[in-house]
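Presented below is the structure to which this report refers.
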Amino acid sequence: MINLMDFEIIQKSDFDSMVFDSGIIVKDLDMTNFTMPSEGDILLVTSGDISVNDNVTRLDLGEDVNGIHFVYAELQVVTGKEAATISVTSLKFGAEDIKRALGAADVDTVDERKVTTRLYYKDADFENLGFIMHRVDGGYVVMIMPKALSTGGLSITATKGGKGTQNLTFTGFRSITAKTTAELTYYVQAGGESGIVITAQPANVTVAEGTATSFTVTSTGATSYQWQVQTPTDVGFVDISGKTSATLSLETTDVTDEANGNRYRCKLTNSSGSRYTIPAVLTVTDAT
């Protein structure tokens with residue numbers, strides 16, 4: 001008789017690397033100083049499944065050779081790389097979203113409502129897209145497509161009483177100037193690998209101009225801290241000199257109209273690695 005308990009050998013740890021939910025798509029991810037995106041970072045609002053395909057082309061040297069009757073591992077040769085693709089269903093219908101879906105198109109510089117196609121590609125049509133999936137253990141899987149282009153065209157579906165959707169297919173390409181950079185690169189981070197646990201993230205702050213304020217992170221396992229800032233015009237975060245404690249204090253002279261919209265995060269480090277907090281936003285209002 002079969003005893004079903006003989007097959008009940010799976011453990012909770014076997015589920016830790018499981019991916020949960022459909023993931024998000026963002027633009028220009030910096031994996032050197034990676035932190036999970038926060039509100040406002042999502043490029044596309046999606047619905048349903050997100051599909052990823054990434055394969056090499058292969059040749060079996062033993063195929064059709066007399067005297068060979070099996071497929072041998074030693075006779076397999078990689079002959080090239082198929083274009084990697086990410087397929088999504090988008091719910092966004094802004095002018096930039098239509099432009100992105102068309103692949104080769106422009107938003108009119110005078111009438112920003114107007115999008116027109118063209119019959120050639122520009123370098124700017126190829127975008128650096130990141131697809132982030134969450135793991136059950138709190139970690140993540142990130143896929144970076146540095147030269148992504150919408151190749152499926154614009155396909156819109158609208159139903160009575162339902163949401164309008166766009167079906168998009170992004171294809172990853174190599175660059176002649178960076179031949180060794182893959183069409184799709186993968187990063188995997190298990191939750192809690194560094195042993196650092198963030199128990200309280202820094203919160204957004206709204207203060208009047210010229211009012212001192214602060215951001216604080218609460219954690220266990222960290223031995224050093226480094227606060228970083230990203231202004232509204234910056235591409236990435238930069239270290240703030242001398243700000244190396246769990247609390248970032250901003251003096252009255254730091255809280256200016258120019259600082260409105262700045263994002264602050266903290267890099268927590270120990271001997272095993274680093275973790276970043278979710279960015280907190282500083283909103284500066286007019287002084288009364």
Quiz item: Looking only at the stretch 113-146, which residues are at pLDDT 90 or above, of a type outside the set (Ser, Thr, Tyr) and not in a strand (DSSP E or B)?
Solution: 113, 114, 118, 119, 122, 123, 124, 125, 126
Self-check item: Count - residues of the stretch 177-210 that are among the β-branched types (Val, Ile, Thr) and surrounded by 15 or more Cβ atoms within 10 Å (Cβ to Cβ)
Solution: 6
Exercise. Report whether or not residue 77 is more than 24 Å from residue 167 (Cβ to Cβ), of a type in the set (Val, Ile, Thr) and part of a loop (DSSP other than H, G, I, E, B).
Key: no
Quiz item: If residue 206 passes every condition in (1) touching a residue at least 24 places away in the same chain (Cβ under 8 Å); (2) in contact with a strand residue (DSSP E or B) (Cβ under 8 Å, 6 or more places away or on another chain); (3) not assigned by TED's automatic domain parsing to the domain that holds residue 267 but one, which one does it miss?
Solution: (3)
Exercise. Give 233, 199, 244, 180 a once-over and let me know the one that is at pLDDT below 95, farther than 24 Å from residue 43 by Cα and part of a loop (DSSP other than H, G, I, E, B).
Key: 180
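Go through 149, 154 for me and flag whichever is assigned to a strand (DSSP E or B) and either touching a strand residue (DSSP E or B) at 6+ places or on another chain (Cβ under 9 Å) or more than 30 Å from residue 275 (Cα to Cα) (or both). Reasoning before the result, please.
On the way: 154 fails: assigned to a strand (DSSP E or B).
Answer to the check: 149.
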Quiz item: Looking at (1) among the hydrophobic types (A, V, I, L, M, F, W, C); (2) in contact with a strand residue (DSSP E or B) (Cβ under 6 Å, 6 or more places away or on another chain); (3) assigned by TED's automatic domain parsing to the domain that holds residue 86, which is the one condition that is false for residue 229?
Solution: (3)
Self-check item: Residue count for the stretch 235-269, restricted to those that are closer than 21 Å to residue 30 by Cα and either among the hydrophobic types (A, V, I, L, M, F, W, C) or touching a strand residue (DSSP E or B) at 6+ places or on another chain (Cβ under 9 Å) (or both)
Solution: 15
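For (1) hydrophobic (A, V, I, L, M, F, W, C); (2) within 26 Å of residue 20 (Cα to Cα); (3) surrounded by 12 or more Cβ atoms within 10 Å (Cβ to Cβ), each residue gets a yes or a no:
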| site | (1), (2), (3) |
| --- | --- |
| 91 | yes, yes, yes |
| 100 | no, no, yes |
| 126 | yes, no, yes |
| 157 | no, no, no |
| 170 | yes, yes, yes |
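When the residues of the stretch 157-177 are filtered to those that are in contact (Cβ under 8 Å) with a residue 12 or more places away in the chain and of a type in the set (A, V, I, L, M, F, W, C), which remaining residue is farthest from residue 89 (Cα to Cα)? Outline the logic, then answer.
Within the stretch 157-177, the subset in contact (Cβ under 8 Å) with a residue 12 or more places away in the chain is 163-175.
Subsequent filtering for residues that are of a type in the set (A, V, I, L, M, F, W, C) retains 168, 170, 173.
Working: 168: 6, 170: 11, 173: 21 Å.
It comes out as 173.
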Quiz item: When you look at residue 68, is it assigned to a loop (DSSP other than H, G, I, E, B), in the same structural domain as residue 173 (by TED's automatic domain parsing) and of a type in the set (Val, Ile, Thr), yes or no?
Solution: yes
Quiz item: Looking at this structure, is residue 223 exposed (fewer than 12 other Cβ atoms within 10 Å of the Cβ) and either in contact (Cβ under 8 Å) with a residue 40 or more places away in the chain or charged (D, E, K, R) (or both)?
Solution: yes
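The values are calculated or read from the model by the stated rules, or taken from the named source; none is laboratory data. On a predicted model such as this, the values are computed, not experimentally measured, just so you know. Don't worry about glycine lacking a Cβ; one is built from the backbone with ideal geometry, like all the others, and counts go over all protein chains shown.
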